[in-house]
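Below is one structure, written out as structure tokens; comments come after it.
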Amino acid sequence: MNDIRITPLPVQRHLEQCERWPRNGRVILAHHDARSVVVYQAYRPAIGEYAIAHGRLDGPDFSLARMSWIKPNFLWMMYRSGWGTKPGQEVTLGLRLRRAFFERVVREAVPSIFDPARFADRDAWQAAVGRSEVRLQWDPDHAPNGAKLERRAIQLGLRGRTLAAFAHEELLEVIDMRAFVDAQRPHAQHNQDPELRTPEEHPLDLLPDDDRSLQKATDEETR
């Protein structure tokens, strides 16, 4: 039985969502509303179970001294964690953040690699990296079985005060996704499985100006 009631997030058949998602370009796919944005992370049990029990991440096993990466795209998180089977990534959490906080994180993000469209030279980029508490990467998005797609998915790396805020005061809800991930994993082996459900996600129009310009150019090239 494909029980979709085991997550409080609204879900939809994956094939139906594919029909309305952009097929290429840089896209922030996320479950979001006017107040919040859900991102995902997969942790070892000591961190994940503390977060579930206490509604925050800043427990004794969660390190605020290192960068932590968040993903608003559920399937990218499943690719990264092997659908919750990789050691140290057994506990998948949906983390509902204040939307204003998420939007600020995206605005303040600095690319992890030098981008000549945004920086005059490498020195300017490295100076921005040093000042910012947020990194940004655009990685290939992935199908349920892990195959690469043309579309690019966003990852955001947090450190310092931004990471501390993410772990506690900007975190509205911790959602235990383990049972849902376990139920959907058997349907992820084939990308066309009509029984596969994933959390409902829609594009979030928060691209930085330079990324928006690149997206427009990409769209024009593919017409």
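The values are calculated or read from the model by the stated rules, or taken from the named source; none is laboratory data. Keep in mind it's a predicted model, so treat the numbers as computed, not measured. Neighbour counts are summed over all protein chains in view; Cβ atoms, including those assigned to glycine, are modelled from backbone coordinates with ideal geometry. These area figures cover heavy atoms from the full protein model, side chains too; ligands, DNA and RNA do not enter into them. Shrake-Rupley method; radii C 1.70, N 1.55, O 1.52, S 1.80 Å.
Dipole magnitude for the chain: about 260 debye, using +1 per Lys or Arg Cβ and -1 per Asp or Glu Cβ, origin at the Cα centre. Across the accessible surface of segment 12-102, with the other protein chains kept in place and a 1.4 Å probe, carbon and sulfur atoms take up 49 percent. Label sites at R44 and W69, each approximated as a point 7 angstrom past Cα along Cα to Cβ, lie 1.8 nm apart.
Relative to the current alpha-carbon distance between R185 and D205, full extension at 0.36 nm per residue lengthens the span by 4.3 nm. Converting phi to 3J(HN,Hα) with the Karplus coefficients 6.51, -1.76 and 1.60 and the offset θ = phi - 60°, segment 144-153 yields x, 8, x, 5, 6, 10, 6, 5, 9, 10 Hz in sequence order, with x at every glycine or proline. Taking every protein chain into account, the accessible area of segment 16-156 amounts to 46 square angstrom per residue (probe 1.4 Å). Placing pseudo-labels 7 Å out from each Cα toward the beta carbon at I113 and E16 gives an inter-label distance of 3.7 nm.
Please sort by residue number the trypsin sites (Lys or Arg not before Pro) in segment 41-87 whose DSSP state is loop and whose Cβ has at most 10 other Cβ atoms within 10 Å.
On the way: sites: R56, R66, R80; in loops: R56, R66.
When the trypsin sites (Lys or Arg not before Pro) of segment 41-87 are filtered for loop state and at most 10 Cβ neighbours within 10 Å, R66 remain.
Normalising the average separation of contacting C-alpha pairs (under 8 angstrom, six or more residues apart) by the number of residues puts the relative contact order of the chain at 35 percent.
In terms of its C-alpha gyration tensor, the chain comes out oblate, because a/c is 1.5 or above while a/b does not outweigh b/c. Between the amide H of H31 and those of V38, H202, distances stay under 5 Å, these residues lying 5 or more places away or on another chain, with hydrogens modeled in the peptide plane. Label-to-label distance for A164 and R104 is 1.4 nm, based on points extended 7 Å past Cα in the beta-carbon direction.
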